[in-house]
Amino acid sequence: MAQQPPKIYVTRQLPEAALAPLRTCAALSVWESEQAVSRETLLHELRDTVALLSMVTERIDDDLLDRAPQLRIVANMAVGYDNVDVPALTRRNIVLTNTPGVLTETTADLTFALMLGIARRIGEGERRVRAGQWPVWSPFVFLGTDVHHATLGIVGLGRIGAAVARRAQGFDMRVIYHNRGHNREAEEQLGCTWVDMDTLLSESDFVVVLVPLGPETHQLISTPQLKKMKPTAFLVNAARGPIVDARALHAALRDKAIAGAALDVTDPEPLPADDPLLTLDNCLVVPHVGSASIATRTCMATLAAENIAAFLSGQRPPTPVNPEVL
Ligand code: GLV
């Protein structure tokens, strides 16, 4: 009897150019909707799936893996993989891959847009115009804060942080950062200065959070950290929502303990329309669009597919997260 080709399950529609190479090496099944696939459907599909191309919206945990006996590779179409229980995959010898690098510049663009947007009150201004409340020009109307020549504090200076720091050079900003270890390349090439977390919080005009989410970074920014920030400073979260304590942030923004916050990510996601953060004019929220450009999403899809294609043809996937299982 002819052997069945391995089944690949893709949890969202993706550009055909990215998926085409997979069609030749496997039976491809694609969730045909813009909405996230339901857990129930995913469990059903995984009964005979060898390779899964997943998004950040799918929770890949022990329970799911127990019901996916043939699964050998999960290619997560994101650089972050806090939606995946990596040890649970590794225990089963399942490879996890992510999509680092290809989204760096696009995510840095969005991070900078958030800084500019909250500092110059772009969201608030746009809401006023649309509501027929155009603030008539006057010397003291709708004043914001300058981004140029300000101090930028990056919490978690990796690839994306370095790309943000590079943009900051063009704005004549002073860039300080906090990582567990030093990023010598960023220090030498971009003039970034390592400081301890308290110094970063107290000296920055913009605190930009770019660390991955994990047990050590869950609610890394909460009341004590917000209290250390200047009342004129802004918080930008372009990493993962739960890194910032949403209730503490709401209180700090409401009480003007800090000047404002700009969030690409929230806790929870989606943020309900009646969330208290959305009542505040000094909070700018966009719906997790850091890597959302046409070109970059195509590159991410292509890299995720390449990881699967390489693995299924017996080669090393280009960007493994747990290479020890290979
Ligand atoms: C998106 O949030 C990513 O991690 O790529």
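The values are calculated or read from the model by the stated rules, or taken from the named source; none is laboratory data. On a predicted model such as this, the values are computed, not experimentally measured, just so you know. No Cβ is skipped: glycine too gets one built from the backbone with ideal geometry, and neighbour counts run over all protein chains shown. Please note that ligands, DNA and RNA were not included when accessible areas were found on the heavy atoms of the full protein model with its side chains. Shrake-Rupley method; radii C 1.70, N 1.55, O 1.52, S 1.80 Å.
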Of everything in the stretch 45-62 that's among the β-branched types (Val, Ile, Thr) and surrounded by 19 or more Cβ atoms within 10 Å (Cβ to Cβ), which residue is nearest to the chain's Cα centre (by Cα)?
Val56
For Pro135: the one exception among (1) at pLDDT 95 or above; (2) part of a loop (DSSP other than H, G, I, E, B):
(1)
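Residue-by-condition table, conditions (1) buried (at least 20 other Cβ atoms within 10 Å of the Cβ); (2) within 14 Å of the ligand (Cβ to nearest atom):
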residue	(1), (2)
Val265	yes, yes
Ala273	no, no
Thr279	no, no
Ala295	no, no
Ala305	yes, no
Given the criteria crowded, with 17+ Cβ neighbours inside 10 Å, more than 10 Å from the ligand (Cβ to nearest atom) and over 29 Å from Ala261 (Cα atoms), does Thr97 qualify?
yes
Elements of type helices (runs of 4 or more DSSP H) in the stretch 156-248, at least 1 residues being hydroxyl-bearing (Ser, Thr, Tyr) and touching a residue at least 24 places away in the same chain (Cβ under 8 Å):
197-203, 223-228
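Considering Ala251, Ala257, Ala273, which residue is of a type in the set (A, V, I, L, M, F, W, C), assigned to a loop (DSSP other than H, G, I, E, B), assigned by TED's automatic domain parsing to the domain that holds Ala113 and over 22 Å from the mean Cα position of the chain (by Cα)?
Within the list Ala251, Ala257, Ala273, the selection yields Ala257.
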Let me spell it out: the conditions are (1) within 15 Å of Leu103 (Cβ to Cβ); (2) open to solvent by less than 30 Å² (accessible area, probe 1.4 Å), and Val289 meets all of them except one. Which number is the exception?
(2)
The residue that is nearest to the ligand (Cβ to nearest atom), considering only those in the stretch 226-247 that are surrounded by fewer than 23 Cβ atoms within 10 Å (Cβ to Cβ) and within 21 Å of the chain's Cα centre (by Cα), is Gly241
Filtered residue count, the stretch 63-87, keeping only those that are surrounded by fewer than 19 Cβ atoms within 10 Å (Cβ to Cβ), among the polar types (S, T, N, Q) and within 16 Å of the ligand (Cβ to nearest atom):
1
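When the stretch 28-44 is examined, which residues are found to be of a type in the set (A, V, I, L, M, F, W, C), farther than 16 Å from Ala75 by Cβ and modelled with pLDDT of 95 or more?
Leu43
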